[in-house]
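Every read-out reported here was derived from the displayed coordinates using simple, explicitly stated rules and does not represent laboratory data. Quantities reported herein were computed from a predicted structural model and do not represent experimental measurements. FYI the Cβ positions are ideal-geometry reconstructions off the backbone, even for glycines, and counts take in every protein chain you see.
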Amino acid sequence: MTRRAAWATLLGIALAAGALVAWIDTRPGRDDPGVTAGRLFLAAGVLGISWPRRAWVWALAAGGWIPARSIARHHSYAMLLALLITLTGAYLGVAARRALFPPSA
């Protein structure tokens with residue numbers, strides 16, 4: 001698989017994971033912000049481990065769905081804080097990758 005194909009695949013996974021978490025969050029009886037935040041954190045973290053140089057892309061792709069829905073439906077920008085959760089997860093994934101597989105000197 002080429003680098004470009006791998007990047008496109010991971011971007012699709014990030015978008016799909018974020019869309020799935022956002023969809024689950026809209027289901028009746030599934031209104032637990034902690035679980036939603038945890039899922040977004042985990043998704044971004046795994047993607048941050050897989051391709052550290054694009055951690056910010058994974059955070060925006062996975063975490064952008066929740067604020068986009070909130071802005072579109074309620075004209076509320078408060079859910080942009082969800083991006084902080086995904087950014088934290090993605091960059092902790094980068095730190096984990098560097099701790100597990102240190103770059104060769």
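A few remarks follow.
- Label sites at Ala5 and Trp23, each approximated as a point 7 angstrom past Cα along Cα to Cβ, lie 2.6 nm apart.
- With the simple model of a label 7 Å out from the Cα in the direction of the Cβ, Leu100 to Ala68 spans 2.8 nm.
- Largest mean-square fluctuation among Gly45, Gly89, Gly12, in a Gaussian network model of the chain whose springs join Cα atoms under 10 Å apart, belongs to Gly12.
- Each of Leu81, Leu100 was scored by other Cβ atoms within 10 Å of its Cβ. Arranged with the fewest first, they read Leu100, Leu81.
- Candidate values (1) 62; (2) 73; (3) 56, label of the one derived for percent of Cα pairs over 16 Å apart: (3)
- Net charge over other residues, Cβ less than 12 angstrom from the Cβ of Gly48 (K, R count +1; D, E count -1): +4
- Highest-fluctuation residue, Pro52, Pro28, Pro67 considered, GNM on the chain with Cα pairs under 10 Å: Pro28
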